[in-house]
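Coordinate-derived values only; no laboratory data. Just so we're clear, the structure is a prediction, and the values are computed from it rather than from any experiment. Note: ideal-geometry Cβ built from the backbone for every residue, glycine included; neighbour counts use all protein chains shown.
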């Protein structure tokens, strides 16, 4: 049963009590420059480094956050994002942050108590590292999405309001190559016949050789269907 597969994946990704059980995630830094807030990220694997381990007493805590931010800015480590390129003298950042309240979706009763939000970052920019060193005002660091989780990047924080009111229910699910997919919509929004057609269409799209889940998720979002995927890393 697919829900059981999802539960197993979620437990593998998020259920451990030690750092070694962590499957990996992005750590995000929020900072301000000249009145504009930015968000930049780095890999959680930094916590395994002897040089940086003092900042990570556990996978839930980051100590001396501002000190770490400036140390990273002055090191050869980059704040990266694979969705767009930056030069060695730049860092990848975003100007907008949105989030989806994951407690609004039933995931088999095994929702991760530590992770109530999935983040969406938009409006990417490449910032000169030298300018960030001189002008950045540190605000905070926070844990981002676990690797293997995916939602539509069109989702906005304001969507949580209608999603909450609509009381989302699971329409159907699917699997492909270690990934589980769940598709939610308002109860009664689609008839059984419409759901059957949707399920066949989405299944065909998900199992195409040139899978483009981002496009599939975005198209469904425009129909007020929220798609979630969980992949084993």
Radius of gyration and maximum dimension Dmax of region 159-231, Cα, Å: 12.1, 37
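Given the Cα-Cα distance of residue 66 and residue 203 and 0.36 nm per residue of separation, how much length would full extension add, in nm?
Taking residue 66 through residue 203 to full extension adds about 44.7 nm, to one decimal.
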Neighbour-count order for 170, 206, fewest beta carbons within 10 angstrom listed first: 170, 206
Among 106, 187, what is the fewest-to-most ranking by other Cβ atoms within 10 Å? 187, 106
What ranking do 168, 212, 47 get, fewest neighbouring Cβ atoms within 10 angstrom at the top? 212, 47, 168
Residues of region 122-141 with backbone N under 11 Å of the label point set 7 Å from the Cα of residue 89 along Cα→Cβ are 128-131
